[in-house]
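Here is the structure we will look at.
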Amino acid sequence: MIKRSSILLFLLVLGTALLFSQESGKDNQLRNLVREFRQAKVSIPYPGLNAIDIITSKVSIIAVKDKKVLINISPRTLDWFISQKFDYIILEKPDYKGVISAESVKEAMDWQSYPTYNQYDSIMQHFVATYPDLCHLDTIGTSINGKLVFALKISDNAGADEDEPEVFYSSTMHGDETGGFVLMLRLADYLLNNYNTDSRIKNLVDNLEIWINPLANPDGTYASGNAITYPTRENANGVDLNRNFPDPFQPFEIQEKENRDMIKFMRNRKFVISANFHSGVEVVNYPWDRWLSKIHADDIWFNSISRAYADTVHVYSVPAYMDYLDNGVTRGAVWYIIYGGRQDFVTWELHGREVTIELDDAYVTPAAQLELLWQYNRRSLLGYLENAMYGIHGVVSDLHTSLPVPAKVYIAGHDKDSSQVYSDTLTGRFTRFLSPGSWSLSFSAKGYQDTTLNDIIVITGQKTDLSVEMRSVSSNIDTPIPETPVLYPNPASFLMKVILPGKLAGTVNIKIISHSGLKVVDYNKVFESGSPMEIDITGLSAGGYTIIFTNTHSGVSCSGRFIITGRSL
């Protein structure tokens, strides 16, 4: 006769074995999905704020919704996730039947299907060939697998670095969030096609330098080859690019190639406002992403531009679109915390202003829905760019020489956590976005007396121009004004002459810097006192430049500014 205790022990062992078998089966299923598709999406019950803080540092959380945490598992994070023994559910493998590839470039440019990678390349080249005066094609870099990461500049004088605010739209950093990819291509086409017929478009293109990067992660989107079939969130190394930007307080992590290139590009351009586009939910998300307890100094302004985007969408969309969280708007960390996100990097380190716009509940927007995505968002996309023309736009210069001064621009008692901005080293220009009201701006720079201007009025939808002159610390009424070079003709076209102060006689280093801060000329030439020196500017595009002359022996230098006009051959 079998004892009761033995039966209980047997049932306990059997139950444990069955549970282990079930868990092993689910883990194996997860492993197989990741092996086949390079990723898998799972959900776990919401574990609380402290646990989320740990999880988000280890795996890629893609959303927190309906008391569940949605996670994307990649080959790099698979073992850690399984080791934690989470009570997880594998979400259904996505159906990519809606990803319809265009048969030709012409069909792709109807914007009702997805381009192949080769068609995407051709579309970008087509823009430049068709509108050479309005756009310039650049490459931010290349992906790990060698695919080009394009950036298209649209402006009324695209070949020149003009003295205009620079703005940036970037999409599909997550390769399987595809709607924004086509949306950005269509936006570029719309701006170029309507420049001569739509006054709103002309105003944007004439007064801004608009940069559009439709596809930041080509290896993820085109993971299966030339067509989009099984796109992945991560790049070719299995890394989530939007968790891989420099973080102010986390240990340094080497950025992926795509991010290293993007960081260099953004540091050089110094965009005043930007946005990056995603999918998975429908909401506009503004900083901070990494801090729940910190509120950005300009939180009210951030909320207002996010609110304006979502509210404009609501006017032109179905009622259920972009109504997540606070009716389509959230501060990032209130939703869930992430580390290494791009919008926090831009706002913290670059002193820019960036938001993240989630366009669609579906990660891969079905081709049949691309038209609706455009109609819902078109006016909001234009309105967001127009923010760059509002706020305070100023220039900081030396009281005596009128040369630009690189100054810290801040509001005492208001700015915190890196919210201040800086005037450009070469032009002295700055842009500061603020909520409506009366503000006092302070300016500090090495070698200059601090300056504060009070009662500067900011009005919604208007631009406030400001000219700031700073006095040198050593300045007094008897201080001589430093000598400056005489440049003529100015503006010039092909050749310019310069008369330098006599103390620079000898071998002189000549550097020419574009308006955007890029060094375009650097060479040495002998200068004889009293004789004009010729400067060949044939190879430079039209626009404004700063030229710096430095005696290579004494180190004495002087600088000036000149303009190159359009050339007729």
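The sole residue among Asp121, Asp110, Asp176, Asp161 that is at pLDDT 95 or above and in contact with a Leu (Cβ under 9 Å, 6 or more places away or on another chain) is Asp121. For the stretch 246-257, the condition holds for at least one residue, the condition being that it is not assigned by TED's automatic domain parsing to the domain that holds Asp424 and not in a loop (DSSP other than H, G, I, E, B). Of the residues making up the stretch 257-280, those that are crowded, with 22+ Cβ neighbours inside 10 Å and of a type in the set (Val, Ile, Thr) are Val272, Ile273.
The condition of being crowded, with 20+ Cβ neighbours inside 10 Å and either within 26 Å of Leu185 (Cβ to Cβ) or not hydroxyl-bearing (Ser, Thr, Tyr) (or both) holds for only one of Val69, Val105, that being Val69. One residue stands out among those in the stretch 39-57 that are assigned to a helix (DSSP H, G or I) and either hydroxyl-bearing (Ser, Thr, Tyr) or under 28 Å from the mean Cα position of the chain (by Cα) (or both): the one that is surrounded by the fewest Cβ atoms within 10 Å (Cβ to Cβ), which is Ile54.
Each row is one residue, and each column tells you yes or no for (1) touching a residue at least 12 places away in the same chain (Cβ under 8 Å); (2) hydroxyl-bearing (Ser, Thr, Tyr); (3) in a loop (DSSP other than H, G, I, E, B).
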residue	(1), (2), (3)
Ile510	yes, no, no
Ile513	yes, no, no
Lys525	yes, no, no
Glu534	yes, no, no
Ser541	yes, yes, yes
Ile548	yes, no, no
His553	yes, no, yes
Phe562	yes, no, no
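Beta carbons closer than 8 Å, at least 6 apart along the sequence or on distinct chains, pair a first residue in the stretch 161-188 that is free of Cβ contacts under 8 Å to residues at least 60 places away in the same chain with a second that is charged (D, E, K, R) and not in a helix (DSSP H, G or I) for Glu164/Glu209.
Each residue in the stretch 424-444 was checked for being at pLDDT below 95 and either part of a loop (DSSP other than H, G, I, E, B) or touching a Leu at 6+ places or on another chain (Cβ under 7 Å) (or both), and 5 pass. Out of the stretch 134-161, which residues are surrounded by 24 or more Cβ atoms within 10 Å (Cβ to Cβ) and of a type in the set (Phe, Trp, Tyr)? Scanning the stretch 134-161 gives no hits.
What are the residue pairs meeting all of these: first residue in the stretch 189-206, first residue on the phi < 0 side of the Ramachandran plot, second residue among the polar types (S, T, N, Q), Cβ atoms under 7 Å, and 6 or more apart or on different chains? Listed by first residue and then by second, the contacts come to Ile201/Asn194; Val205/Ser155.
Only residues that are loosely packed, with under 15 Cβ neighbours inside 10 Å and in a loop (DSSP other than H, G, I, E, B) were counted in the stretch 445-462, giving 8. Would you be able to say whether some residue in the stretch 216-235 is surrounded by 24 or more Cβ atoms within 10 Å (Cβ to Cβ) and small (Gly, Ala, Ser)? So far as the stretch 216-235 goes, yes, one or more of its residues are surrounded by 24 or more Cβ atoms within 10 Å (Cβ to Cβ) and small (Gly, Ala, Ser).
Of all residues being among the small types (Gly, Ala, Ser) and crowded, with 20+ Cβ neighbours inside 10 Å in the stretch 291-316, which is nearest to Gly332 (Cα to Cα)? Just the residue, please. Filtering first and then ranking leaves Ser306.
Checking the condition under 21 Å from the mean Cα position of the chain (by Cα) and either under 18 Å from Tyr117 (Cα atoms) or polar (S, T, N, Q) (or both), which residue from Pro231, Pro218 passes? The conditions single out Pro218.
This table checks each residue for (1) over 30 Å from Arg31 (Cβ atoms); (2) in the same structural domain as Ile210 (by TED's automatic domain parsing); (3) not in a helix (DSSP H, G or I).
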{"site": "Ile71", "(1), (2), (3)": "no, no, yes"}
{"site": "Asp87", "(1), (2), (3)": "no, no, yes"}
{"site": "Asp133", "(1), (2), (3)": "yes, yes, yes"}
{"site": "Asp138", "(1), (2), (3)": "yes, yes, yes"}
{"site": "Gly146", "(1), (2), (3)": "no, yes, yes"}
{"site": "Ala151", "(1), (2), (3)": "yes, yes, yes"}
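Only residues that are closer than 19 Å to Val128 by Cβ, crowded, with 20+ Cβ neighbours inside 10 Å and out of contact with any helix residue (DSSP H, G or I) (no Cβ under 8 Å at 6 or more places or on another chain) were counted across the stretch 177-210, and they come to 2.
When residues in the stretch 162-176 are screened for being in a loop (DSSP other than H, G, I, E, B), of a type outside the set (A, V, I, L, M) and crowded, with 24+ Cβ neighbours inside 10 Å, 4 of them pass. Among the β-branched types (Val, Ile, Thr), under 26 Å from Asp219 (Cβ atoms) and assigned to a strand (DSSP E or B): is that true of Ile82 in this structure? So Ile82 does not fit the description; no.
The values are calculated or read from the model by the stated rules, or taken from the named source; none is laboratory data. Source: prediction; values computed, not measured. Note that each Cβ is placed from the backbone with ideal geometry, even for glycine, and that neighbours are counted across all protein chains shown.
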